[in-house]
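Visitor: The structure is given below, and queries will be raised subsequently.
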Amino acid sequence: MTYAYVLVYSKTFGARDDVADYLDGMPEILNWRFEMSNSFFLVSDQPNADIIARKLMRQAPKGASFLLMEYPDNTQGLLTKGSWSLLNDKRTDRPLEFGVSWKKKK
């Protein structure tokens, strides 16, 4: 089973590329995507957000903050089709879509 999460972080947490590199190194994170500043959409096989959050806490510089939320089914907003698909379908594949970044293939 897979789970979708939304990670929102402060500027002091790190640059987007640094956060992306850290997420790439986490085996619990199967896929990620960003569309907005200081946030990532995550797909994980980890049902316990605490485990992911603890790893992020160890990485966080002093004074940084973040919020990790499991994505609920009843959510509305303006996102691209690809982002909704990742969150709602918990996609682990990486289709190409202009203007949005997916997790790097290793």
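Listed here are the residues, each with its yes/no results for (1) modelled with pLDDT of 85 or more; (2) among the aliphatic types (A, V, I, L, M).
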site: V6; (1), (2): yes, yes
site: D17; (1), (2): yes, no
site: F40; (1), (2): yes, no
site: I52; (1), (2): yes, yes
site: R58; (1), (2): yes, no
site: R94; (1), (2): no, no
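Visitor: Are any residues in segment 48-83 more than 12 Å from the chain's Cα centre (by Cα), within 15 Å of Y5 (Cβ to Cβ) and loosely packed, with under 14 Cβ neighbours inside 10 Å, and if so, which ones?
Guide: N48, D50, I51, R54, M57, P72, D73, T75 - these are the residues of segment 48-83 that are more than 12 Å from the chain's Cα centre (by Cα), within 15 Å of Y5 (Cβ to Cβ) and loosely packed, with under 14 Cβ neighbours inside 10 Å.
Visitor: May I pose another question? Residues being outside any helix (DSSP H, G or I) and charged (D, E, K, R): count how many of those fall in segment 44-60.
Guide: First pass over segment 44-60, keeping only residues outside any helix (DSSP H, G or I): 44-48, 60.
Narrowing further to those that are charged (D, E, K, R): 45.
Final tally of qualifying residues: 1.
Residue by residue, here is whether (1) farther than 28 Å from K81 by Cβ; (2) of a type outside the set (A, V, I, L, M) holds:
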{"residue": "M1", "(1), (2)": "no, no"}
{"residue": "Y5", "(1), (2)": "no, yes"}
{"residue": "N31", "(1), (2)": "no, yes"}
{"residue": "F41", "(1), (2)": "no, yes"}
{"residue": "S44", "(1), (2)": "no, yes"}
{"residue": "D50", "(1), (2)": "yes, yes"}
{"residue": "Q59", "(1), (2)": "yes, yes"}
{"residue": "F66", "(1), (2)": "no, yes"}
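The values are calculated or read from the model by the stated rules, or taken from the named source; none is laboratory data. Only a predicted model underlies this, so the values are computations on that prediction, with no experimental measurement involved. When we count neighbours, we look across all protein chains shown, and the Cβ atoms used for this are built from the backbone with ideal geometry, even at glycine.
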